[in-house]
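I have placed the structure first, in the form of structure tokens, so that the comments after it can refer back to it.
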Amino acid sequence: MIGSKLANRYELVRELGRGGMGVVYLANDPVLDREIAVKVVTPDMVSPESTERFKREARVVAKMDHPSIVSVYDSGEQEGALFFVMPFVEGMNLRSVLRSQTLQLGELIEIAIQIADALDYSHSRGVVHRDIKPENIMVTRKEGEGIRVRVTDFGLAMAPSQERITKTATVVGTVTYMSPEQVSGREVTSASDIYSLGTVLYESLVGQTPFSGEVQALLYRISHEIPVPPRNMATEIDEEVEDILLRCLEKDPVNRPSGKEIVDFLSNYRNKLHSTGRHRTALPSSTTMSFQMARPAMRPFAGRDKELADLQRKLNIALTGECQFVLVGGEAGIGKSRLLEELENLAKVRNIAVLHGRFMEVDHALPYQGYCEAIQEYFRTRSSTGTTADFSDLAPDLISLFPVLAEIRDLARSSEESVRLNAETGSKKFEDRTYIFELLARTLIRMAAGKPLLLILEDLHAADVSLEALEYIVRRLAPTPTLIAGTYRTTEVDKRHRLSKLLSGFKGDKRFTSIQLGPLSVSNHRLFLQQLMGGSEMDDDLAARFFQATEGNPYFTTELVRSLMDAGAIVRDDTGVMRLSSETALTMEELPVTIQQAVEERIERLPENLREILALASVLGRSFEFADLEKMSDLKETEEAVEQLIRSGFIEEDRQSRSDRLIFSSGVVRDVLYASLP
């Protein structure tokens with residue numbers, strides 16, 4: 001409710017609307033006899049710090065004189081609420097204009113120029129808007145006068161706290177236009193307004209914002225994902241416009257253009273549009289796409305921004321219908337799987353199917369194993385929905401090649417006679433490797449069903465004949481929206497390895513990218529450590545000794561930290577800083593020197609019943625159903641033991657599964673356990 005004193009000062013006419021910052025009233029100024037808008041920000045929306053900033057910036061805005069900025073006539077505080085008096089602006093906000101489907105390309109360019117000019121003016125006076133969005137952009141069209149833009153709420157927006165951000169119903173509209181630095185709580189500068197402007201323009205051109213979805217997924221995408229170029233979405237805009245638009249959406253504020261740069265560029269482009277007559281091109285209506293995603297993995301991810309950006313670019317290209325191939329190499333534990341896990345999170349946010357395969361070919365004992373795992377995953381994840389493709393023509397050959405697939409009901413439905421006849425002739429057919437390669441390629445195409453697919457193949461250094469199949473598959477799937485990403489250990493590959501030949505074969509191919517991961521830098525390693533310890537500050541000596549011991553290896557660092565924390569060797573002092581315990585007098589020379597030792601020592605500290613459960617789980621695979629583990633175990637307290645292992649970080653719930661499926665937090669932990677079995 002508006003304060004009585006304020007109501008007496010201005011004659012209220014009606015309520016105009018409610019938003020994230022409060023209530024706006026249409027009122028009349030009896031002294032000057034003019035229509036005004038009064039915005040009231042209720043006490044629960046402000047803090048003492050934001051109140052002082054509002055007052056300070058309102059005084060600055062009141063002195064600004066720009067045709068595209070709605071100024072402030074009066075402001076103050078009353079009964080704990082803030083109020084701002086502004087001129088009443090006729091017209092529609094940009095959101096309503098977009099919904100009306102009447103916006104033309106030339107009009108949008110004019111709108112962008114006026115907004116950018118207003119931002120450049122305010123930024124030069126030290127005022128950051130903080131909440132550029134369609135609702136805060138008023139558009140007026142008058143015959144013979146063209147289009148006029150007025151930006152409201154300059155300098156009056158507040159930065160939502162994390163608590164408010166999670167309240168989807170109250171602030172999700174604003175969150176959509178937030179910059180990465182706003183999402184992460186870093187300093188908000190003029191570059192943040194440029195990012196928000198880029199989001200508004202992207203939505204106006206494409207019909208949807210660069211990122212959308214449930215609020216936690218949205219925050220994640222804003223912080224990490226590279227937007228799909230508008231031209232990849234069949235939007236007819238010129239390349240130079242796309243370029244400056246994507247520059248506005250750069251994650252690093254330093255790389256974004258200024259308001260003046262945008263004005264200068266778009267002014268020149270406006271002249272080009274009018275000369276060609278394309279300024280009358282109609283733009284799509286504003287829509288909102290609904291993406292659903294399980295919570296992203298929260299294991300630390302630091303120092304790989306460039307590599308992740310490269311992967312996202314390949315994914316965006318693949319979505320246009322051109323198969324892309326990426327190999328990620330590095331030593332054990334360097335973060336290859338973690339990097340692809342981050343890519344997988346982004347893919348799933350965009351409803352892109354993801355399949356996995358791991359190779360374990362030892363003396364040719366398990367040829368094509370990785371492809372078999374991908375096929376099994378496809379049927380496991382889709383059998384509950386009943387949306388599997390028709391494999392009746394491929395099933396006999398697939399079962400002959402991979403007998404384990406006979407356990408899949410959808411494949412086993414093929415007649416036993418067909419399978420028997422195929423088995424009699426299969427050995428001859430399979431003598432021709434090209435026949436097998438084509439079978440695998442057709443299977444992948446059938447599983448994708450013409451939709452985007454991310455295929456992750458791990459441990460390619462352990463593959464042999466499967467690498468020949470991989471080269472065939474990549475080229476066979478060339479005209480499909482597929483990204484194939486593989487990992488391998490560089491320490492296991494020499495010049496004679498088949499993988500070296502594969503790398504040479506794709507050298508110079510624009511569809512292929514090789515990414516080599518090295519150790520984390522000192523600064524990135526410290527950031528990784530801080531994330532691993534829950535954001536805690538740490539002693540400089542501790543950080544330096546960790547880097548020396550692990551040589552910047554992320555996985556080794558993770559296991560080492562967990563090992564030392566379990567042993568009580570890392571403590572938090574009275575100031576909240578993490579350091580090595582003085583009681584243990586532990587030196588780095590006494591710490592484990594290999595990842596395997598770190599894992600083994602951590603497992604050995606577990607009670608016998610938990611070690612037994614982990615050993616049984618390792619037999620079931622990297623991921624497994626709780627029901628299967630419970631049947632194998634003789635322990636009555638299996639569920640309690642699993643909960644303890646989840647709390648300890650050895651296993652976790654598979655968030656992508658609808659069942660009670662569990663997964664090892666680390667493949668290395670599972671490998672060490674499995675190797676220790678008789």
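Any read-out appearing in this document is the output of simple, stated calculations on the displayed coordinates, not a laboratory observation. For clarity, every value in this text was computed on a predicted model and none was experimentally measured. A quick note on method: Cβ atoms are made from the backbone with ideal geometry, for glycine too, and the neighbour counts reach across all protein chains shown.
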Ranked output for segments 266-273, 526-533 by mean other Cβ atoms within 10 Å, highest leading, reads 526-533, 266-273
Zone reached by a paramagnetic label modelled 7 Å from LYS260 Cα along Cα→Cβ, restricted to the range 107-135 with backbone N below 15 Å, covers 116-126
Ranked output for segments 312-325, 103-116 by mean other Cβ atoms within 10 Å, highest leading, reads 103-116, 312-325
Pseudo-spin-label distance ALA412 to ASP634, built 7 Å along Cα→Cβ, given in nm, is 3.0 nm
1/(1 + (r/R0)^6) with r = Cβ-Cβ of ASN268 and LEU32, R0 = 41 Å, i.e. FRET efficiency to nearest 0.05, evaluates to 0.50
A correct Karplus calculation of ³J(HN,Hα) over the range 544-560, with 6.51 cos²θ - 1.76 cosθ + 1.60, θ = phi - 60°, whole Hz and x for Gly and Pro, returns 5, 6, 5, 5, 5, 6, 9, 6, x, 7, x, 5, 4, 4, 4, 5, 5
Taking alpha-carbon centroids only, the range 619-646 lies from the range 181-233 a number of Å equal to 42 Å
For the range 438-453, in residue order, the Karplus 3J(HN,Hα) values (coefficients 6.51, -1.76, 1.60; θ = phi - 60°; whole Hz; Gly and Pro = x) are 5, 4, 5, 5, 5, 5, 5, 4, 5, 5, 6, 6, x, 9, x, 9
Rounded to one decimal in nm, the spacing of the 7 Å Cα→Cβ label points at ARG247 and ASP432 is 5.6 nm
Length gained, ASP305-ARG59, 0.36 nm per residue minus C-alpha separation, equals 84.5 nm
Subtracting the Cα-Cα distance of ALA478 and SER184 from 0.36 nm times their residue separation yields 102.0 nm
Long-range amide H partners of ILE69, meaning residues 5 or more apart or on another chain whose placed amide H is closer than 5 Å, are VAL151
The summed charge of the ARG141 Cβ neighbourhood (under 10 Å; Lys/Arg +1, Asp/Glu -1) stands at -1
Expected unfolding gain across SER124-GLU239 under the 0.36 nm per residue rule, minus the alpha-carbon gap, is 38.5 nm
Here the FRET efficiency for GLN531 versus ALA675, based on Cβ atoms and R0 = 30 Å and rounded to 0.05, is 0.50
Once amide hydrogens are built 1.01 Å from N within the peptide plane, the residues lying 5 or more places from ASN93 or on another chain with amide H under 5 Å from its amide H are VAL139
Here the range 326-340 yields Karplus 3J(HN,Hα) values (6.51, -1.76, 1.60; θ = phi - 60°; whole Hz; Gly and Pro given as x) of 10, 10, 10, x, x, 6, 4, x, 7, x, 5, 5, 5, 5, 6
Rounded to the nearest Å, the spacing of the alpha-carbon centers of the range 239-279 and the range 54-119 is 22 Å
Long-range amide H partners of ILE651, meaning residues 5 or more apart or on another chain whose placed amide H is closer than 5 Å, are ILE646, SER665
Given 500-511, 477-488, the highest-first ranking by average Cβ count within 10 Å works out to 477-488, 500-511
Quick calc, ASP539 & LEU12: beta-carbon distance into FRET formula, R0 60 Å, rounding 0.05, result 0.50
